[in-house]
Number of protein chains: 2
Amino acid sequence: MRATVIYGAGDVRVETVPDPKLAEPTDVVLRVVRSCICGSDLWPYADMPPREHGRRIGHEFLGIVEETGADVRGVKKGDLAVAPFVWSDNTCEFCREGLQTSCLHGGGWGAKGVDGGQGEAVRVPQADGTLVKLPHTEDDDLLASMLTLSDVFSTGHHAAVKARVSEGQNVTVIGDGAVGLSAVLAAKRLGADRIVLMGRHQARTDLGREFGATDVVAERGEEGVEKVRELTNGQGTHAVLECVGTKGAFEMGVGVVRAGGAVSRVGLPQYEDGPIGVGVFRRNVTVTGGVAPARHYIPELLPDVLDGKYQPGKVFDRTIDVEGVPDGYRAMADREALKVLIKP
Amino acid sequence: MRATVIYGAGDVRVETVPDPKLAEPTDVVLRVVRSCICGSDLWPYADMPPREHGRRIGHEFLGIVEETGADVRGVKKGDLAVAPFVWSDNTCEFCREGLQTSCLHGGGWGAKGVDGGQGEAVRVPQADGTLVKLPHTEDDDLLASMLTLSDVFSTGHHAAVKARVSEGQNVTVIGDGAVGLSAVLAAKRLGADRIVLMGRHQARTDLGREFGATDVVAERGEEGVEKVRELTNGQGTHAVLECVGTKGAFEMGVGVVRAGGAVSRVGLPQYEDGPIGVGVFRRNVTVTGGVAPARHYIPELLPDVLDGKYQPGKVFDRTIDVEGVPDGYRAMADREALKVLIKP
C-alpha cells in the first residue's frame with residue numbers, strides 16, 4: 001500500500017510499504033476512507049533531524065474494517081469506524097477514568113511497528129478499545145466532521161472541559177488554527193457567552209465567528225492582552241483555551257485570564273519552563289489541559305455531529321489524495337491551507 | 001497599644017503605636033484575643049531589605065469587637081470574631097464567586113495605613129465583609145483551633161479543594177509545616193483514603209499521622225519522588241498539596257502526581273518559572289491553588305471545629321505574649337517551634 005513517511009524537516013514522502021496484517025488477536029485492519037494532516041505534524045516537519053530510515057506519520061483517520069482479529073467484538077468487517085489519535089485498551093485504570101491518552105497498554109500511531117494514519121490502510125492495535133463505530137455515509141461533509149472527532153474537535157473540547165467552560169462564561173481562545181477554531185465551537189457548545197478569538201488570519205477568524213466567536217483580537221503580546229482586558233472590564237476571561245503551544249501564547253493566556261480562572265493548554269508546549277510564579281499564584285489561576293483523550297469524548301460529541309448541529313469539518317479547506325500529502329504539508333506550513341483532508 | 005513592626009530581615013520589634021480608631025463607617029476596632037506567627041511571615045524575616053520606617057505585620061487574629069462604625073451590621077460591641085488573612089467587602093463580583101482574596105475593595109493586613117494582626121488591637125476595614133462572628137469561649141484549645149480558620153486550616157483546605165480531593169483518593173502532602181499538617185487534616189476531612197506526608201521532622205510528622213497521614217516519606221528530591229511512587233504502584237497520587245513554596249517542592253509535586261491529577265500550591269512560590277513543559281502536558285497534570293480565600297471557607301469549616309471533630313489548633317506548640325513576638329519569630333525560623341500562638 002501507499003503511505004506517508006517522514007525523513008526529517010521538510011522531507012515527507014509517499015512510499016509503497018507492506019500491507020498491514022493482523023499481528024494480535026485484538027487487532028483490526030482498517031482501510032482508510034478519510035485522513036488528514038495535523039498542526040502537530042508540522043512540528044517534526046519544521047525541525048526533525050534527518051534520518052536514514054523514515055518513520056510513518058499521521059494520527060487522524062476513519063475507515064472501513066477489512067479484517068478483525070479473533071478477539072475483536074466491537075466492530076466487524078465492513079463497519080465504518082473512527083480512531084482517536086492515540087490507541088488504548090479502554091479498560092485499564094486510566095481509561096476507566098477517561099484518560100485514554102495515559103492508557104497502560106496503549107500508544108501512538110507511527111511509533112515503531114505501528115502504522116501511521118496518512119496512508120491507505122492501518123493495523124489498529126487494541127481495536128475494541130480504540131475504534132468507535134460510525135454510521136455509514138457517503139456524505140463528504142459528514143465524513144469530514146466525523147474525522148475531526150479523532151483529534152481536532154475532541155482536542156478543542158478537551159481544552160474547554162479542562163477549563164470548566166460552562167453556561168454564560170467568558171472565554172478567550174488563543175490561536176486561529178484548526179484546534180483554536182474547534183475550541184471556539186466547543187466553547188459555544190458548552191454554553192459560553194462571550195468568546196474572544198485571538199488570531200490574525202481573516203479567513204480563519206471569519207470561520208471562528210461562524211463557529212461562535214463574538215470578538216476577534218488580531219493583536220499579540222502585551223497589546224493583545226490589553227485588548228482582551230478592555231473587552232472584559234479589565235478583568236480578563238474565566239477560561240483561556242491556549243491552542244498554539246508557544247511560550248508567547250501561554251504568556252498571553254496568563255495575561256488575559258481572570259483571577260480564579262484557568263489557562264487550558266492543548267497546543268503541545270514548545271517550552272519547558274513557564275511563568276507560574278507569584279502573579280499566577282496570587283490570582284488563583286489554574287494551569288490545566290494536556291493531550292486530549294479523544295476516545296473519551298467521541299461518544300459525547302458524535303450525536304451532535306451526526307445531527308448536523310455542529311460542523312467541525314468546516315476546518316478542512318483543501319482535499320488531496322495520498323500522493324498529494326507532501327504538498328499538503330507544504331501548504332499547511334506556508335499557511336496556504338488551514339487543514340488538509342486526505343481521501344486516499 | 002503595643003504592636004509588632006518589622007524593619008528588615010531578622011529585625012522584628014514590638015513598639016508602642018497609636019491606638020486604632022474608626023476611620024470609615026464600615027470599620028470595626030477589634031481587641032485581639034489570639035494572634036499568631038505565620039510561616040509566610042518568615043519570608044520577610046529571612047530576606048526583607050532593612051528600612052528606616054518599619055511596617056506592621058501579622059495577618060491571623062481573632063478578638064472582641066470594641067467599637068463599630070455606623071454602617072456595621074454583622075457584629076456588635078462585645079462579639080468575638082475571627083478575621084481571615086485578607087480583608088474584603090464580601091459583596092464584589094470576586095467575593096460572590098468565593099474568591100475574597102481578589103476582592104475589588106479589599107487588601108492585606110499591615111499594608112500602609114492598615115494594622116497588622118500581631119498587636120493588641122486592629123482596625124478592621126470592611127468589617128461586615130471581613131469578620132466572621134464566633135461563639136464566646138474561654139477554652140484555650142477551641143480558641144486556638146478557631147484562630148487557624150483565619151489562615152492555616154483554611155489554606156490547607158484550599159489546597160485540597162483546588163486539587164479536588166474527594167472520597168477514596170490518594171493524596172501527597174509536601175511539607176510538614178503548619179500548612180502542610182493542616183492540609184493533611186483537610187484532605188482527611190474531605191475523605192482522602194491514603195495520605196502520604198513528605199516531611200522529615202518527626203514531631204511534626206507524628207502530628208501529621210494524628211491528623212490522618214497514612215505514610216510519611218522523609219526523603220526529598222528524586223529519592224522522595226521514587227518513594228512515593230513505590231507506595232502508589234508507580235503511578236503517584238491524584239492530588240498533591242504543595243505546602244512549601246520552593247521550586248524544589250513544586251518539582252517534587254510534578255514528580256509524584258498521577259497522570260490526570262493536580263499539583264495544588266498553597267506555599268507562596270519563591271520562583272518565577274516552573275517546569276510545565278511536555279512532561280506535565282502529556283500526563284494532563286493540572287497546576288492549581290493559590291492564595292486561599294479563607295473568608296469563603298470559614299462558614300463551612302467552623303462547625304467541624306466547634307464540635308471538636310477537627311482540632312487544627314494542635315499545630316500551635318508554643319504560646320507567647322506580644323512582648324515575646326521577636327523571640328517567637330526566632331523560634332519558628334530556627335524550627336524550634338512549629339507555630340507560635342500569641343496571647344496579647
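The values are calculated or read from the model by the stated rules, or taken from the named source; none is laboratory data. Because the structure is a prediction, the values reported are computed rather than measured. Note: ideal-geometry Cβ built from the backbone for every residue, glycine included; neighbour counts use all protein chains shown.
A compact table of results
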quantity: Qualifying residue in segment A:220-231 (condition: outside any helix (DSSP H, G or I), at the interface with chain B (Cβ under 10 Å from one of its Cβ atoms), at pLDDT 95 or above and on the phi < 0 side of the Ramachandran plot); calculated: no
quantity: Segment A:55-78: number of residues that are out of contact with any Phe, Trp or Tyr (no Cβ under 9 Å at 6 or more places or on another chain) and outside any strand (DSSP E or B); calculated: 10
quantity: Strands (runs of 3 or more DSSP E) contained in segment A:99-182 and holding at least 3 residues of a type in the set (Val, Ile, Thr); calculated: A:170-174
quantity: Unique residue being farther than 20 Å from residue A:36 by Cα, of a type outside the set (Phe, Trp, Tyr) and either modelled with pLDDT under 95 or in contact with a Lys or Arg (Cβ under 9 Å, 6 or more places away or on another chain) (or both) when the list is A:200, A:96, A:123, A:194; calculated: A:200
quantity: Some residue of segment A:257-270 being more than 7 Å from chain B (Cβ to nearest Cβ), of a type in the set (Lys, Arg) and under 18 Å from residue B:260 (Cβ atoms); calculated: no
quantity: Answer residue from segment B:97-114, given it is of a type outside the set (S, T, N, Q) and within 11 Å of chain A (Cβ to nearest Cβ) and is nearest to residue B:28 (Cα to Cα) among those; calculated: B:108
quantity: Filter pass, residue A:36 being surrounded by 15 or more Cβ atoms within 10 Å (Cβ to Cβ), more than 18 Å from residue A:150 (Cβ to Cβ) and in the same structural domain as residue A:126 (by TED's automatic domain parsing); calculated: no
quantity: Filter result (surrounded by 11 or more Cβ atoms within 10 Å (Cβ to Cβ) and of a type in the set (Lys, Arg)) within segment A:44-73; calculated: A:51, A:55, A:56
quantity: Filtered residues of segment B:158-211 (kept if of a type in the set (Lys, Arg) and free of Cβ contacts under 8 Å to residues at least 40 places away in the same chain); calculated: B:188, B:200, B:209
quantity: Extreme residue, surrounded by the most Cβ atoms within 10 Å (Cβ to Cβ), among residues of segment A:111-151 that are in contact with a Gly (Cβ under 9 Å, 6 or more places away or on another chain) and without any contact (Cβ under 8 Å) to a residue 60 or more places away in the chain; calculated: A:114
quantity: Candidates A:128, A:79, filtered to the one that is over 19 Å from the mean Cα position of the chain (by Cα), more than 20 Å from residue A:19 (Cα to Cα) and of a type in the set (Asp, Glu); calculated: A:128
quantity: Options B:9, B:111; residue that is among the small types (Gly, Ala, Ser) and either modelled with pLDDT under 95 or not assigned by TED's automatic domain parsing to the domain that holds residue B:140 (or both); calculated: B:111
quantity: Among the residues listed as B:318, B:258, the single one being farther than 17 Å from residue B:178 by Cα and among the basic types (Lys, Arg); calculated: B:258
quantity: Failed item in (1) in a loop (DSSP other than H, G, I, E, B); (2) within 12 Å of another protein chain (Cβ to nearest Cβ), with residue B:335 passing the rest; calculated: (2)
quantity: Breaking point among (1) of a type in the set (Val, Ile, Thr); (2) crowded, with 22+ Cβ neighbours inside 10 Å; (3) part of a loop (DSSP other than H, G, I, E, B), for residue A:91; calculated: (2)
quantity: Single match in B:297, B:329 (criterion: within 25 Å of residue B:237 (Cα to Cα), outside the structural domain of residue B:181 (by TED's automatic domain parsing) and not acidic (Asp, Glu)); calculated: B:297
quantity: Boolean, residue A:81 is within 23 Å of residue A:333 (Cα to Cα), at pLDDT 95 or above and not in a loop (DSSP other than H, G, I, E, B); calculated: no
quantity: Output for segment A:229-255, where each listed residue is in contact (Cβ under 8 Å) with a residue 24 or more places away in the chain and either over 20 Å from residue A:182 (Cβ atoms) or surrounded by fewer than 21 Cβ atoms within 10 Å (Cβ to Cβ) (or both); calculated: A:229, A:231, A:232, A:235, A:236, A:246, A:247, A:248, A:251, A:254, A:255
quantity: Selected residue (criterion: surrounded by the fewest Cβ atoms within 10 Å (Cβ to Cβ)) from residues of segment B:161-175 that are in contact with a strand residue (DSSP E or B) (Cβ under 6 Å, 6 or more places away or on another chain) and closer than 24 Å to residue B:268 by Cβ; calculated: B:162
quantity: Selected residue (criterion: nearest to the other protein chains (Cβ to nearest Cβ)) from residues of segment A:274-312 that are surrounded by fewer than 22 Cβ atoms within 10 Å (Cβ to Cβ), under 27 Å from residue A:249 (Cβ atoms) and small (Gly, Ala, Ser); calculated: A:277
quantity: Sole residue being within 23 Å of the chain's Cα centre (by Cα), among the charged types (D, E, K, R) and not assigned by TED's automatic domain parsing to the domain that holds residue B:338, chosen from B:258, B:282, B:265, B:229; calculated: B:265
quantity: Tally of residues being out of contact with any strand residue (DSSP E or B) (no Cβ under 7 Å at 6 or more places or on another chain) and either in a helix (DSSP H, G or I) or small (Gly, Ala, Ser) (or both) across segment B:1-52; calculated: 10
